[in-house]
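Step one of this worksheet: look at the structure below.
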Amino acid sequence: MIKLSWALVAEHVDEWTGDDTAQGAAVLEARVGSAIESSGMNPGSAQHWRTDFLAPVVESLRTEGAAALAQGESWSKAAGPFMVCASPVT
């Protein structure tokens with residue numbers, strides 16, 4: 001089991017617990033994407049946010065994060081006002 005926690009500074013904090021890093025990455029992408037869309041950003045700013053902040057963190061979770069979690073280690077990554085932490089749940 002893994003636990004993901006994330007924060008978008010001054011906007012949104014959430015978490016997810018599950019068995020699979022790939023599923024966690026998909027949940028992260030969907031939930032943060034939804035928060036971005038409901039934030040009132042114009043479409044261009046929302047796309048910029050997804051490209052420059054969300055996508056690099058999700059990709060890092062799928063690669064570096066998955067490797068760290070497979071070894072029983074924690075992982076974290078930040079991009080701009082967005083931070084994600086993942087840790088094994090025992």
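The values are calculated or read from the model by the stated rules, or taken from the named source; none is laboratory data. Note that the coordinates shown come from a computational prediction; the quantities given were computed from them, not determined experimentally. No Cβ is skipped: glycine too gets one built from the backbone with ideal geometry, and neighbour counts run over all protein chains shown. All accessible areas refer to the heavy atoms of the entire protein, side chains included, with ligands and DNA or RNA removed. Shrake-Rupley method; radii C 1.70, N 1.55, O 1.52, S 1.80 Å.
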For this session: Take residue 72 and decide whether it is loosely packed, with under 12 Cβ neighbours inside 10 Å, in contact (Cβ under 8 Å) with a residue 12 or more places away in the chain and assigned to a loop (DSSP other than H, G, I, E, B).
Result: yes
Seminar exercise, completed: Residue count, the stretch 37-62, condition in a helix (DSSP H, G or I), over 17 Å from residue 77 (Cβ atoms) and open to solvent by less than 70 Å² (accessible area, probe 1.4 Å), comes to 3
Exercise. For the stretch 1-31, what are the residues that are out of contact with any Asp or Glu (no Cβ under 7 Å at 6 or more places or on another chain), more than 15 Å from residue 63 (Cβ to Cβ) and part of a helix (DSSP H, G or I)?
Worked result: 23, 27, 30
